[in-house]
Amino acid sequence: MNSTRNIFESHTGNLIHKWDHYFEIYDKYFNKYIDQEVVLLEIGVLQGGSIDLWKKYFGNKLRYYGIDITPKCKQFE
């Protein structure tokens, strides 16, 4: 299993902003959903890096929805 921390640390591309102590929590509660059909709503897309993180973590069955008040985030649609 690729942990959220490993994905974060090896990521190149758009900025990912996550609090360090969340990685362990993400893995603890989310690892059972890897390669499952997952629907994820993320509030606060910012620069789009976490979209890549979640795609790598959950796999191809992920349906990701992100919302943000910044119009620039529409580019990630």
Stretchable slack from Tyr65 to Ser3, in nm (0.36 nm times residue separation minus alpha-carbon distance): 20.2 nm
Sequence-separation-based contact order of segment 4-76, relative, with Cα cut under 8 Å and 6+ spacing, percent: 37 percent
√(5λ) per eigenvalue of the Cα gyration tensor, the chain, largest first, Å: 20, 15, 11
When the charge dipole of the chain is computed with +1 at the Cβ of Lys and Arg and -1 at the Cβ of Asp and Glu, the Cα pointing farthest to the positive end, of His21, Leu62, Gly48, is that of Leu62
Stretch gain in nm, segment His11-Phe76, where the contour uses 0.36 nm per residue and the Cα spacing is subtracted: 21.7 nm
Residue by residue through segment 54-68, which ³J(HN,Hα) values in whole Hz follow from phi under the Karplus form 6.51 cos²θ - 1.76 cosθ + 1.60 (θ = phi - 60°), with glycine and proline marked x? 5, 5, 5, 6, 7, x, 5, 8, 5, 10, 9, 10, x, 10, 7
Working from the pairwise distances between different alpha carbons, so that the mean of 1/r is found and then inverted, what is segment 11-51's Kirkwood radius in Å? 11.8 Å
Separation of segment 1-39 and segment 56-75 by C-alpha centroid, Å? 14 Å
Assigned charges on the beta-carbon of Lys, Arg, Asp, Glu; the chain dipole about Cα centre (debye): 120 debye
Mind ranking 30-37, 42-49 by how tightly packed they are, going by the mean number of other C-beta atoms within 10 angstrom, highest first? 42-49, 30-37
Per the helix-only calculation at 222 nm, which mean residue ellipticity applies to the chain, given -39500 (n - 2.57) for every DSSP H run of n ≥ 4 and division by its residues, nearest 500 deg cm²/dmol? -9500 deg cm²/dmol
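A short reminder: the numbers here are calculations on the coordinates, not readings from a lab. Remember, it's a predicted structure, so these values are computed and weren't measured experimentally. Ideal geometry is used to build each Cβ from the backbone, glycine not excepted, and the neighbour counts take in all protein chains shown.
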